[in-house]
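The structure appears right after this line, and notes come after that.
The values are calculated or read from the model by the stated rules, or taken from the named source; none is laboratory data. Not measured: the values here are computed from a predicted model. Using ideal geometry, Cβ is built from the backbone for each residue, glycine included, and neighbour counts are taken over all protein chains shown.
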Amino acid sequence: MTTRNVSWGATVIFTFLLFATPLSAHHAFTAEYDGTNCATVTGTLTKIEWENPHAYFHVDAKETGGSVASWAFETVSIGWLKRVGTARHDFEDNIGKNVTVRACMAKNGVKNRGAAETVKLEDGRTLTVGTDYEHPGKAGEERNIN
Amino acid sequence: MKSGGTYLRITLAAAILAWMLSIPASAQDQGGKAAGQTASERKGTPNSQPLPPGGPPPRLPDGHIDLSGVWYPGTTGTFDFINSPPAQRQFDPKATPEAPPSFQPWALAKIKAMSQTDLELGKASVNCTPRGVPGILLNNPYPIQLVETPGQIVQLVELLNNFRVVPTDGRAHDPDPDSTFNGDGVGHWEGDTLVIDVIAIDERTWNNMTGWFHSDQEHVIERLSRPSMNYLVYQVTIEDPKVLTKPWTSVQRKWSLNHGKLDEYYCTHNEEVQQYQLLKKEEDGKKSQ
């Protein structure tokens, strides 16, 4: 194979790979959060910031040993939250109450921060606040939702 | 028939099991498996099937197809990010594969040299900058609304509350347009297809989410049609002799009709861009060592 053929081949392969990368990869997720490191955090809901491009809600969780850790969780945009039936008042009505959050943890040494998938409320309802980050692509073609 | 003693044991076992399941998990439990519902069990918007054609498309009194409506990308007339049904795709890549653009070698090298952080920082979705033309119709999961009146079409965009107004009366371009995110767009009808010719697009816009930048010579030709009541079809050709070796044309991408309204979307709390800026500083710091 001549050098010229190799470089053209590499160009073709690279171009293919560049565009084979799913446009669906959540833009922030892969660099900020770890889909292989997900956990359930239970605590008291303290705050909701109902804004775009992501809402953030805060939970005070008791650690083993008795101290309290303040967590910040990110959701998808409020346009998507509303379209799947998660409303602002669902959070506001539960300030001060117990919540159980399923989330994937932040990378880069950032602690007590996660991209949330679901929030289970005291009344038993579960709010959907993110995609299934732990199983991307399982529910059909994943979409770039931002 | 079981004895009373057996019933008692079964009832007791069930009670113990119920009690065990009711014990809350520890404040943080690290698990490899997902807790709670599977993606398919979670709530989602109800429609996962393609809309029917819905009859012939409407026309304005001047005879042109009326493209007005609230349109969602894909064929379901809505968007379900939880279940992501296949019908939500704008096209089937197996049926109508979309060729990648053909970059000039210098442009390909520039894209290859971008780190993951560079790629994120260049994205409109991270910066909360407008996607521009044609990004707003190529890489946008949020709905748009078209409002067509004789001689013009207004495109309202939920994402970042954007809009553009395009004359459809066949006029020429502004002779000296500023570079803008939506570019200088002028439209004319070719039969039932609205053709919008766009130049002077701000060079900060990308044509995809993976680094496809463009030059000041970029020339975009958009084609919008409405084959039936419920469907809008968008196809775009991008010419850019500085960046591409040849023009690129998308496949026909489908949008489907919704009878709701757009939401408001302003970026008022963008922590992501700060995270990436910090990462970029660290990367640059390591490079200079």
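Just one of (1) buried (at least 24 other Cβ atoms within 10 Å of the Cβ); (2) modelled with pLDDT of 95 or more trips up A:G130, so point out which.
Failing condition for A:G130: (2).
Identify, please: which residue in the range B:261-271 is within 7 Å of chain A (Cβ to nearest Cβ) and touching a strand residue (DSSP E or B) at 6+ places or on another chain (Cβ under 7 Å) and is, among those, nearest to B:F79 (Cα to Cα)?
B:Y265
Let me spell it out: the conditions are (1) touching a His at 6+ places or on another chain (Cβ under 8 Å); (2) in a loop (DSSP other than H, G, I, E, B), and B:I238 meets all of them except one. Which number is the exception?
Unmet for B:I238, out of (1) touching a His at 6+ places or on another chain (Cβ under 8 Å); (2) in a loop (DSSP other than H, G, I, E, B): (2).
Filter the range A:56-83 down to residues that are assigned to a loop (DSSP other than H, G, I, E, B) and facing chain B (nearest Cβ under 8 Å) and give me whichever is farthest from A:T128 (Cα to Cα).
Among those residues, the one meeting the criterion is A:T64.
Can you say whether B:P141 is touching a helix residue (DSSP H, G or I) at 6+ places or on another chain (Cβ under 9 Å) and either surrounded by fewer than 21 Cβ atoms within 10 Å (Cβ to Cβ) or of a type outside the set (F, W, Y) (or both), as far as the supplied structure shows?
When the stated conditions are applied, B:P141 passes them.
Any idea which of B:P105, B:P86, B:P93, B:P100 is within 10 Å of chain A (Cβ to nearest Cβ), in contact with a Phe, Trp or Tyr (Cβ under 6 Å, 6 or more places away or on another chain) and surrounded by fewer than 18 Cβ atoms within 10 Å (Cβ to Cβ)?
Exactly one of B:P105, B:P86, B:P93, B:P100 is within 10 Å of chain A (Cβ to nearest Cβ), in contact with a Phe, Trp or Tyr (Cβ under 6 Å, 6 or more places away or on another chain) and surrounded by fewer than 18 Cβ atoms within 10 Å (Cβ to Cβ), namely B:P100.
With the structure loaded, tell me whether B:F103 is aromatic (F, W, Y) and more than 24 Å from B:P50 (Cβ to Cβ) or whether it fails that test.
The answer is yes for B:F103.
Mind checking whether some residue in the range B:182-192 is of a type in the set (F, W, Y) and closer than 23 Å to B:P130 by Cβ?
Scanning the range B:182-192 turns up no residue that is of a type in the set (F, W, Y) and closer than 23 Å to B:P130 by Cβ.
Please work out if B:S48 is under 16 Å from the mean Cα position of the chain (by Cα) and within 14 Å of chain A (Cβ to nearest Cβ).
It is false that B:S48 is under 16 Å from the mean Cα position of the chain (by Cα) and within 14 Å of chain A (Cβ to nearest Cβ).
Is it true that some residue in the range B:244-263 is more than 22 Å from the chain's Cα centre (by Cα) and of a type in the set (K, R)?
Yes, because at least one residue in the range B:244-263 is more than 22 Å from the chain's Cα centre (by Cα) and of a type in the set (K, R).
Select from the range B:165-194 the residues that are aliphatic (A, V, I, L, M) and crowded, with 17+ Cβ neighbours inside 10 Å and list them in ascending order.
Matches in the range B:165-194: B:V166, B:V186, B:L194.
Can you pull out every residue in the range B:124-135 that is over 12 Å from the mean Cα position of the chain (by Cα), of a type in the set (S, T, N, Q) and not in a loop (DSSP other than H, G, I, E, B)?
Matches in the range B:124-135: B:N127 only.
Output the number of residues of the range B:139-156 satisfying the condition of being in contact with a Pro (Cβ under 8 Å, 6 or more places away or on another chain) and either among the β-branched types (V, I, T) or part of a strand (DSSP E or B) (or both).
1
Is there any pair linking a residue in the range A:96-119 that is away from every other protein chain (no Cβ under 11 Å) and under 26 Å from B:L279 (Cβ atoms) to one that is buried (at least 24 other Cβ atoms within 10 Å of the Cβ) and among the basic types (K, R), with Cβ under 9 Å and at least six apart or on different chains, and which?
Taking only residues 6 or more apart or on different chains, the pairs are A:A116/A:R102.
Looking at (1) surrounded by fewer than 22 Cβ atoms within 10 Å (Cβ to Cβ); (2) in a loop (DSSP other than H, G, I, E, B); (3) modelled with pLDDT under 95, which is the one condition that is false for B:L121?
The number of the failed condition is (2).
Restricting to the range A:84-95, count the residues that are polar (S, T, N, Q) and facing chain B (nearest Cβ under 10 Å).
1
Of all residues being basic (K, R) and part of a loop (DSSP other than H, G, I, E, B) in the range A:84-127, which is modelled with the lowest pLDDT? Just the residue, please.
A:K107
Consider A:D123 against the criteria (1) farther than 13 Å from A:N37 by Cα; (2) buried (at least 20 other Cβ atoms within 10 Å of the Cβ): it satisfies all of them except one. Which criterion is unmet?
Single failed check for A:D123: (2).
For the range B:190-204, which residues satisfy the criterion of being over 18 Å from B:G170 (Cα atoms) and in contact (Cβ under 8 Å) with a residue 60 or more places away in the chain?
B:I201, B:D202, B:R204
So that you can scan it fast, the table gives a plain yes or no per residue for (1) closer than 18 Å to B:P100 by Cβ; (2) touching a residue at least 40 places away in the same chain (Cβ under 8 Å); (3) not in a strand (DSSP E or B):
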| site | (1), (2), (3) |
| --- | --- |
| B:W206 | yes, yes, yes |
| B:M209 | yes, yes, yes |
| B:V220 | yes, yes, no |
| B:R223 | no, no, no |
| B:V233 | no, no, no |
| B:L262 | no, yes, yes |
| B:Y265 | no, yes, yes |
